[in-house]
Structures are given as C-alpha cells and as structure tokens.
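Comments concern the structure below.
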C-alpha cells in the first residue's frame, strides 16, 4: 500500500523456488493450480512459517498468471488461515500452519468448515491493525522512543500503588460476603461501580443519569461490539461513521452485518446534510473528533438530535477523552437529559485510568437496556468483579478526580509545547486544526506536501507518528499528521518535532 | 410454561382498565389497535414499569381478539423494548420505559431503527435465563438455602486472602515496568498466564500444547461467542449440540447465524450416527456431559474425531469441570496431541477458581488462531491485565493445584452423601446416572414420575433444584433432576433431599 518501496530489499522470496507443474489454461484453472501448489508448499514447510510472499505483481509475472489471479489466490490462502495479510506490509505464511500435526484436514464435501472469512479480510486486518506499526524496523535503535500515536496513555504516571491498595481493600470486602451467585442485576455491572460512574461523569461531563441507565463493558471496544449486535439487524441497518474516524469501531459494526456509510467532517463536526436518508445509527465523537480534534458546534448538535428524532435513528457518542478540556467555553456531552432518548453515550477508563483495566461503559436509553443486557450476557455475562470493585473504590475515594486533575496539567503543558513547535518549526508544511480537548492534536498538510514518506522515515529514528491515511474509510480527502501526547514527555516532543522537521526538509 | 398456575393469585391486572377505542374489524387492524393502545398506556405510565401483563389467553378474551393476535402484540412490545418476557413467568412492562424523557421516538420511515429482535426472542430469553430462577418466591423464608443448581461454586471456600496477596504482588510488578503499549501478542493473553495454563492443563487434563495455541477469554461464555463468530458463516454453518445441553452456549451460536441441530446422548456420550451430514461444528462435553454427567467412551471419542476429519468438521470440547475426577480410569481430554488439528478445547477458571474472575481460555488448532485473534481484538482487545497476572501468579505459585486438591476432597464427600441419599431416600422416583467427574450428578425419573411440580414446590422451602426441562433444545425426551453440589454442604444436602422426598410423596 505505497510502502512496498521501503521493504523491497528485506524480502526473501522462497516462493520463486516453487514450480507450477501444470501449465494452466484458463484463469480459473490457473487460480486453482497456483492455490494448490502454494498451499502444499506451506503445509509441507517449503514455505516457512512467517515467510513473506512476494507482491502479487511479482508473483503474477513469475507464474505467468494475471495479477487478479495472484491476488485471488493470496486471499484464499488468507481465508483458509494458511497466510495472513498485514496492513500495508504484504502477505505472510501463517505462524505454525506448517507441519502435519497442526495442519487442517482438507475436505471438500458439504459441511466442511469454512472459517468466517470476515476476520482476515484485508480491510478488516488493516482496520484492526490500527494500534500496530505497519512497518516496525527490525531492532529499534537505542534511546527513548518518541511515540506520538494518539489515545495511548503512559502507565508510569498512573498511581498503581494507590490502585493496588484500593484493590486489596475491595478484595478483602469480598471475602466477608456470602457465596456469590450470578445475578441478572450484576450483568449490567457492579452497583457500586455504576454509582461511582454516575458521580464521575456528572462532574467531568455533566451527564446526568441513574444506575439503571448504565451498562459496564470491557472497554469502549466491547461497548461498540455490544451496540452493534443490539442495534444492527444484518443486511438491513445503515450505520453512518465519521470519516476520518476510528477504524476498530467500524469493524464492530461491519462484523454485525451493518452497511457502513462514511460521512465527512468540517469545522463544526459531522456534516448532517451528508447523512444517508436510510441511516439508523450515527456514530460521532462530538467533544473531540477522532482524529481531527474539532468540537461539534452547539447548533450542529441540536440539528443532529433533531435529525435522529425525526428519522427514528439513534446516535452513539464516543466520549473517549472528554475529561481533558483546556480552553474555550465548556460544552457538555451530547447526551444531555433532553437527549437521553436517542443518545448512547460510551465512556472508557482506558484514557483517564489505564487501558489494561479493560473497563468502559454505556449510558443507554431505557428502551434499549433490556436488549443490551441480553446481548452482554451472551458476550461474557459481566466484567470481572475484582476489577469492577477496584475501580469503584478508586473513584469513590476521590483518586480518579485527583488523577485526572494531575494529568490535565501534564497534558496542558505537552499540548502547549507541541502547538508552539508545530507553529514555529513545521509551519512550512503543516497547519494545526484548532481543538480544546483530549490527548492529541491533528495538523493538515499544506497543498502539495507529501507526508507518508517522512512519517515512515521517522521510524528509523524511533519517532512514531500516524498520518491521516489510516483513518479513512472512504477515499482519503485530507492529508495530515496526528500528534498524540499521551506518552511523550516534553524532551521527547522537542526531539520528535526536530526529527520530523529534518525529514520534511529532505 | 406450565407454571402459570403457581402465580395466578399474585397477578395484578392493570391492563383491564384499558379500553379499545375502536372496535377493530380484521385481525390486522385488531393487532394494530391493541398494540397502539398498550404502547400508549406504557409510555404515559398507565401501565406501570414492572407491571405484569395478563396471560395472552385472558387478554385475548378481554379485548375480543384472537389469542394469536394478543401474542403477536406482546411480542411486538417486547421487540420494541416496551415490555420484557421472562422465562416461564410471562410478560412485564419494561422498567423505566414510561415517561416522555426516556421514551423512544417513534418513526415509521426508512431508516427508523429496529433493535435486533434476536436478543429478546422468547427462546433466547429462556436460554439466557438459565442461571435465574423462573419463579423466585417473593421474600425467601429465613434459614440457609440449599442450592442444587449445577456449575456454581461456593466462593467462601476460595482462598481469597491468598489471591489478594498474589494479586497485589503482581500489581507491584506492573509498577516497575515501562509504559505499556498495546501489543498484538498480548491479545492472545498474558504470556505468563498462558504458560501457567499449559502447566495446569498438562497436569489435570493431560492436554499438551504451547503458548501460541492458547487464547485467553473472558470466561467460557466469551470463548463460545468468539468461536461462534470465527467458525460460523451466517446462514451457512450447521452446528450440532448435545441435547440436553448448556443453553447459553447455544445462544452464542444462534446469535452468529448458525443452524442449530440437537443431537441425543446415550450412555457413551453423543450419538455420532445422529450427526447431520452437513455439520461443520460439533459441540461436546466429553469428560462430564452437561447435564447428564456421562463420560464419552474411548471408542466414541475416536469415532467422533474420525467423523470430523473425514467431513472437514471441527469439534468444540467444553471441559468445564474436568479437574474434578473421583473414580474410574482416568480419560484424558478429547483434545490430545493427535487431535490437535480438529479440536477446540475450552477451559474455564469459573469452576476451579471463581466465576467472578471471568477468565477462561481456548486451546485452538494453529490454522484457526489468526482468525480467532482477529475476532478477539474486535470483541475487547484482551482481558484485563491485573486479573490475568493475578491468576498467572496464583497458578505459578502452586495455589491452584492446592485449591483443586482441597475442593476435590470436599466434592467427593458431598457427592458420596448425595448418591447414598438419592439411592436410599429417592429410589422410588429417581435413578442416578453413573458419572465420575465434576460438580453435579443427574438422576432420571422412573416411568410416570412428574418432577416439575415438586421442584417448584421446593422453592417455598428454600431448596433450588433444576429439572431437565430447561436443558433441552429439541423435544424433551427425558425427565429428571440435576443435583449440583458446588454450593451445598453436607447438612444442606441432607435437608434438601429430605424436603424433596416429602414433595415427591405429595
């Protein structure tokens, strides 16, 4: 995907030792023969686990088949689990698929299992590879890395000692209780945790709700998966998504069988006029658009709610970092009491605490709660009790408020330095997009600026930064960089920007 | 479902204050009018949240519509979230659906959201209500309850103090680590935990595998959901399930769009000859059939594996309580090294530790691992790190082995007493099915014995026991009781059996 130039030298090409026994005639036979030969080579180990397959272009030329045929064969190998496709980095032989003991029996008759091909589809793999580097250079050079990837937090700044004390105290509380039975009430989440969440979001986000409106989830990702499975009727439901946006969220809806429609963003947020007429679910990040960083304007919010009410559609508000606000007049969440009937509010403890806790929640309209609870039961019944109690205690004792306050100060300094440096040192190439919340800023490339090559070159210098390319579902309409400051301290920000400036100059 | 007689006296019937303004003509108009009136009554609060709707028969008679029409209207209200249907206990107005602020906007145009009706379907609600009591009598009488429901464990016997110490120690270890980044490796589960699982299942179940073969899940339920989503292609894949069996597992496969086929059990386990020819996934509990308790014979195991290989199908082995074996020659898990290509082994810490931890795992054939990992990422990325580390430490330090040994002794005593009492006191009505593993035994009713009424009557005496009726997917072919001994101590077993004997005599 445009990066092949970077890795051409590394590629070992064992494929080219494979001979096609039959000279195929038609394209269907060509495809079948090539597939058969490659699969056999993988199963008997001639193609080693982890080996990279050559680009389809090369492989097509070598075997004398069309590029479409080569691509089709690769995709089939991926579907069968013999190969795996990595975002922007080509196709590889699966790990440990080789060897008879673990090889899958091949049967062509009715009933023969076909893995659901959705999960290894190239677009799904690319979207779920969001948190991975598409081209991690083999051994990273020494020195501290500067990681500008957004929505990541530095666990070294989290008061793990406090969390540990609270956690132990809560476990001691559990010891004194009688035998615990699975309770349907608990499936929406621990009551104390839900009470604590009410307090937390009332303070930081002005969201008013009751414990019955909350469903605790395994992070925001499970919230998306759960909402997708509750709100989507396969092949029927149309879901509108911000474009650019957060790719793993899209996968949850695609997996549930939704039709996805990308909708563009302007300075006021999602462009309502672009919503398709048959939309029933609209996903937005109104506080701090991911990744552009704009805040949805008040009139746009009202229009969105009116639109949803009129059409009988619903809105999913992903409020992933709304706790961190730095300037501008405070806007409450989209999910106000007046909009409680049409908005599903998704919150997470991954940003304001730690993503390793895998805890988030949905504030849902009451008419949907029984459906959501039923789906949650089928997914995993409930989130682990010790984690829920520990987070409940952490919030109730005031530690979360303190931690958010501390991090807000740290992030404010990082953000300010970053904005100054982008304006001072990178002004020739980039224009930052105004934003007032969160843990990242985005900057658009000035006309004609190419960012993919410099961003990739930075990896050699231990600077990780996302271009906007990986955020688009539809055609890429904007070129830019996303600067997350969740894990970079001030010296890293200085070094990162200076390295970036050099790369842009080259 | 046959229990309405028990609750007729309690029912308040506010529905009967509602008048149908229009005298409907056709059945379609009758349905529309009745639906409109009931929905309006719910939304404006005339029908209070939580109120029970009369049985469809009564309601049909009152409004002068057919019983089918009344049932259709109730179902529509449930689909819309205005009402909720409880297993065997009728239909109730949803909690807090009333009141304008939380009422859902009604729109009839294209795009209007329809909740996925699957989750509130009567059969799904019944299956997911497995752990609930269908008719909990309002305030339980005083005294210790005797709970014979299977697969539940008494958390008071779990060494929570040890777990707390190990947990705190592991969290201290996390403090010293550098910033943690999301790693694709971690998505299969914490490496130390997977190493610990290898050790645990090698000892207790003779399952030999490597860390790469293991995927950590949020309990067995997530393992089922994950397997369903990876193995099922909607409307295409046929899944065979033991009948009787574990209802919440079926829901996971039904939700993924599988065709479910119930297959009967005999003294040797699943009857292979009954498997449909187009089956691609076969779910079994070979160590200790749930709920009948039989162990699959060696020749049946071999036949099952041969069948799967020949057809290109796969087997899911749910080994929920295989750690506890009491007599007979030890049989290893179905998933031996020789069957590693066709068996997905599902293990859980819910029985041998605590279900509140929500931790389980899949040992998967390597050809399926990349698909499973991709699906797990979309579900929730990974299980919470603190819980994974704590369980890893608990196993590595030998506490799990000690705990399983202790519980095996306790369960052996309970099991022996239970078997003696069933033979001594209940012989007139019940014949226990031989079984050598686990935390429950089943007993079949002698010809002509009716068990539903006595089992329900027992609830008044604080004795909870399952009849076999809730375990069937196809027509109920066997009548019997399931005696779980995970949460009943010796005195409770004595009391429970004696109360049961009295109920059977009546």
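Tabulated values for the structure
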quantity	calculated
Residue list for region A:269-288, filter: assigned to a loop (DSSP other than H, G, I, E, B) and surrounded by fewer than 24 Cβ atoms within 10 Å (Cβ to Cβ)	A:271, A:275, A:276, A:277, A:278
Some residue of region B:316-332 being in contact with a helix residue (DSSP H, G or I) (Cβ under 9 Å, 6 or more places away or on another chain), in a helix (DSSP H, G or I) and either surrounded by 16 or more Cβ atoms within 10 Å (Cβ to Cβ) or in contact (Cβ under 8 Å) with a residue 60 or more places away in the chain (or both)	no
Any hit, region A:175-189, residues being assigned to a helix (DSSP H, G or I), at pLDDT 95 or above and more than 9 Å from chain B (Cβ to nearest Cβ)	no
Strands (runs of 3 or more DSSP E) contained in region B:205-268 and holding at least 3 residues over 28 Å from residue B:480 (Cβ atoms) and touching a strand residue (DSSP E or B) at 6+ places or on another chain (Cβ under 8 Å)	B:214-217
Unmet requirement for residue A:92, which otherwise passes all of (1) farther than 22 Å from residue A:291 by Cβ; (2) assigned to a loop (DSSP other than H, G, I, E, B); (3) at pLDDT 75 or above	(2)
Top-ranked residue of region B:202-217 - restricted to ones that are within 18 Å of residue B:366 (Cα to Cα) and within 24 Å of the chain's Cα centre (by Cα), ranked as surrounded by the fewest Cβ atoms within 10 Å (Cβ to Cβ)	B:214
Filter result (within 13 Å of chain A (Cβ to nearest Cβ) and touching a strand residue (DSSP E or B) at 6+ places or on another chain (Cβ under 7 Å)) within region B:66-81	B:77, B:78
Some residue of region B:229-242 being more than 9 Å from chain A (Cβ to nearest Cβ), in contact with a helix residue (DSSP H, G or I) (Cβ under 8 Å, 6 or more places away or on another chain) and within 12 Å of residue B:360 (Cβ to Cβ)	no
Number of positions in region A:281-338 that are more than 22 Å from the chain's Cα centre (by Cα) and within 14 Å of chain B (Cβ to nearest Cβ)	14
Residues of region B:457-475 satisfying the condition of being touching a residue at least 40 places away in the same chain (Cβ under 8 Å) and over 18 Å from the mean Cα position of the chain (by Cα)	B:457, B:458, B:459, B:460, B:461, B:462, B:463
Region B:55-71, residues that are in a loop (DSSP other than H, G, I, E, B) and surrounded by 21 or more Cβ atoms within 10 Å (Cβ to Cβ)	B:65
Checking residue A:199 against (1) closer than 15 Å to residue A:363 by Cβ; (2) surrounded by 22 or more Cβ atoms within 10 Å (Cβ to Cβ); (3) more than 14 Å from chain B (Cβ to nearest Cβ), the condition it does not meet	(2)
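So that you can scan it fast, the table gives a plain yes or no per residue for (1) at pLDDT below 85; (2) exposed (fewer than 14 other Cβ atoms within 10 Å of the Cβ); (3) on the phi > 0 side of the Ramachandran plot; (4) assigned to a helix (DSSP H, G or I):
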position: B:104; (1), (2), (3), (4): yes, no, no, no
position: B:109; (1), (2), (3), (4): yes, yes, no, no
position: B:119; (1), (2), (3), (4): no, no, no, yes
position: B:127; (1), (2), (3), (4): no, no, no, yes
position: B:130; (1), (2), (3), (4): no, no, no, yes
position: B:143; (1), (2), (3), (4): yes, yes, yes, no
position: B:150; (1), (2), (3), (4): no, no, no, no
position: B:153; (1), (2), (3), (4): no, no, no, no
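The values are calculated or read from the model by the stated rules, or taken from the named source; none is laboratory data. From a predicted model like this one, the values you see are computed outputs, not experimental measurements. We place every Cβ from the backbone using ideal geometry, glycine too, and count neighbours over all the protein chains shown.
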